[in-house]
Amino acid sequence: MSDALPIRAADVKVPEVNVPDAALPKAGNRALKKFLASKAAIFGGLVVLVFVAVAILAPLIATDDPLKTSFLTIRKAPSLANYFGTDELGRDVFSRMAFGARASLLAGVVSVAIAVIVGVPLGILAGFFGGWTDMAISRVADALLSIPFLILAIALAAFLGPSLTNAMIAIGFSQTPIFIRLARAQTLSVKSEDYVEGAEAIGLPNRWILIRYVFPNILPPLIVQATLTIATAIIAEASLSFLGLGQQPPDPSWGSMLNTAKNYMGQAPWMSIFPGIAIFLLVLGFNLLGDGLRDALDPRQS
């Protein structure tokens, strides 16, 4: 009979892997340098910042009350008094566009936030646990993805009722499957890494593994996808407002302004030109910003 004492799990010391403190700052500096080296990304970021500033400072920038009507200045061409002209009720188009930026940006950010909050946890659970959890979540996501995004958003907005809040909920729900699939794919990739397997081997709780190891390592692609999806959400909000399912009159929205302007294309083209340009520039800005973030945060990019 051996006299050796039994080895307890507490007596086994797992060697710690010391990561230099400068590793993360260096990675962040490298990503920042790559982002700043992209002129397109800088341009996109500046465009987005300009529109954010316009939305925040709308009460100071607007030259008139966006809801004020004047039958003496109906469909007046752009001038020093009205920079972008007036609409069919004599309202200042420039002022309405400044306040309309709030609706577009709010719809883009809030709807994507809804999609991230709902979709990312479901995708992480599906990718990490697999089995029936993965099958149930993935099949629901696949079913939703089989429906065109805008068609699903229109159907949900019509079911919930016409309002900006309901439009944001509809857009967010319609975008949720995108984040479920992305979070699931990234989780499957991270799950096979040595540090995750090591954490499981030493008995760390799944909750801690997901929070400490999985989520931080799938965050960069999620940020990129969220930035690009905001552009899609802005177009969707404009489309819903154009159809009368988004921001309701008389509150300004670029989509609802285009809906009204379509009836006056010949008499007052400026009513459609300026909101159309604003939507184009804001969507372009978010797309360029998202592309720049993808190149900067992707370690495979040279």
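Could you tell me what fraction of 2.2 N^0.38 Å the Cα radius of gyration of region 100-171 comes to, as a two-decimal ratio?
Ratio of Rg to 2.2 N^0.38 Å for region 100-171: 1.28.
Computed from these coordinates, which is Cα Rg over 2.2 N^0.38 Å: (1) 1.30; (2) 1.20; (3) 1.03?
(1)
Starting from the Kirkwood radius over alpha-carbon pairs of region 107-148, derive D by Stokes-Einstein at 37 °C in a medium of 0.692 mPa s and give it in µm² s⁻¹.
296 µm²/s
Could you give me the ³J(HN,Hα) list for region 73-90, computed from phi with Karplus coefficients 6.51, -1.76, 1.60 and θ = phi - 60°, whole Hz, x at Gly and Pro?
Each residue's phi maps through the Karplus curve to give 10, 6, 6, 7, 5, x, 7, 5, 6, 10, 4, 10, x, 10, 9, 5, 10, x Hz.
Compute a Gaussian network model of the chain, connecting alpha carbons closer than 10 Å, and tell me which residue from Ala62, Ala167, Ala238 fluctuates the most.
Greatest mean-square fluctuation among the candidates belongs to Ala62.
Which angle between 0 and 90 degrees, to the nearest 10, do you get for helix 23-36 versus the longest principal axis of the chain when only C-alpha atoms count?
Once rounded, the angle reads 30 degrees.
Just to be sure I follow the rule: in the chain, considering lysines 8 or more places apart or on different chains, how many pairs have Cα atoms under 27 Å apart?
Value for the chain: 7.
Roughly how many nanometres apart are two label points built 7 Å out from the Cα toward the Cβ at Leu204 and Ile74?
Here the answer is 6.9 nm between the modelled labels.
In nm, give the distance between the simple-model label positions of Asp142 and Ile211, each being 7 Å from the Cα along the Cα-to-Cβ direction.
Each label point lies 7 Å from its Cα, and together they span 3.3 nm.
Using modelled amide H (1.01 Å from N, peptide plane; none on Pro or chain starts), what sits under 5 Å from the amide H of Ala62, excluding residues fewer than 5 places away?
Residues meeting the criterion, in which the H sits 1.01 Å from N, do not exist here.
To test your reading of the geometry: what angle, between 0 and 90 degrees and rounded to tens, separates the Cα axis of helix 39-56 from the longest principal axis of the chain?
That helix lies at roughly 60 degrees to the long axis.
Can you tally the net charge around Ala126? Count Lys and Arg as +1, Asp and Glu as -1, for every other residue whose Cβ sits under 12 Å from the Cβ of Ala126.
Its environment carries a net charge of +2.
Classify region 184-240 from the C-alpha gyration tensor, please: rounded if a/c falls under 1.5, else prolate or oblate depending on whether a/b exceeds b/c.
Because a/c hits 1.5 or more and a/b exceeds b/c, region 184-240 counts as prolate.
Could I get the Rg over Rh figure for region 189-294? Both from C-alpha atoms, Rh via Kirkwood, rounded to two places.
When Rh is taken as the Kirkwood radius, the ratio is 1.30.
Compute, for region 90-227, the length of the dipole vector about the Cα centre, with Cβ point charges of +1 (Lys, Arg) and -1 (Asp, Glu) only. Units Debye, rounded to 20.
480 debye
Modelling each spin label as a point 7 Å along the Cα-to-Cβ direction, I'd like the Asn29/Tyr195 distance in nm, to one decimal.
2.0 nm
Give the order of Val47, Val224 when sorted by the count of other beta carbons within 10 angstrom, beginning with the fewest.
Result, fewest neighbours first: Val47, Val224.
For a quick check, take a GNM of the chain with Cα springs below 10 Å and name the residue from Pro66, Pro249, Pro177 with the largest mean-square fluctuation.
Between Pro66, Pro249, Pro177, it is Pro249 that shows the largest mean-square fluctuation.
So what J values fall out for region 216-221 if you push phi through Karplus, 6.51 cos²θ - 1.76 cosθ + 1.60 with θ = phi - 60°, rounded to Hz, Gly and Pro as x?
x, 8, 9, 5, x, x
Convex hull over the alpha-carbon atoms of region 149-207: what's its volume per residue in Å³?
92 Å³
Using a Gaussian network model of the chain with C-alpha springs under 10 Å, which one of Gly131, Gly285, Gly119 is most mobile by mean-square fluctuation?
Residue with maximal mean-square fluctuation among Gly131, Gly285, Gly119: Gly131.
Provide Thr260, Thr165 in ascending order of the number of other Cβ atoms located within 10 Å of each residue's Cβ, fewest first.
Least to most surrounded, the residues fall as Thr165, Thr260.
Using each residue's phi in region 148-157, evaluate 6.51 cos²θ - 1.76 cosθ + 1.60 at θ = phi - 60° and report the 3J(HN,Hα) Karplus result to the nearest Hz, with x for Gly and Pro.
Per residue, the Karplus-derived 3J(HN,Hα) values read x, 3, 5, 4, 5, 5, 5, 5, 5, 5 Hz.
Values quoted throughout were computed directly from the atomic coordinates according to the rules given, and no laboratory measurement underlies them. Keep in mind that this is a model prediction, so the values were computed, not measured. In this analysis, Cβ positions are derived from the backbone assuming ideal geometry, glycine residues included, and neighbour counts consider all displayed protein chains.
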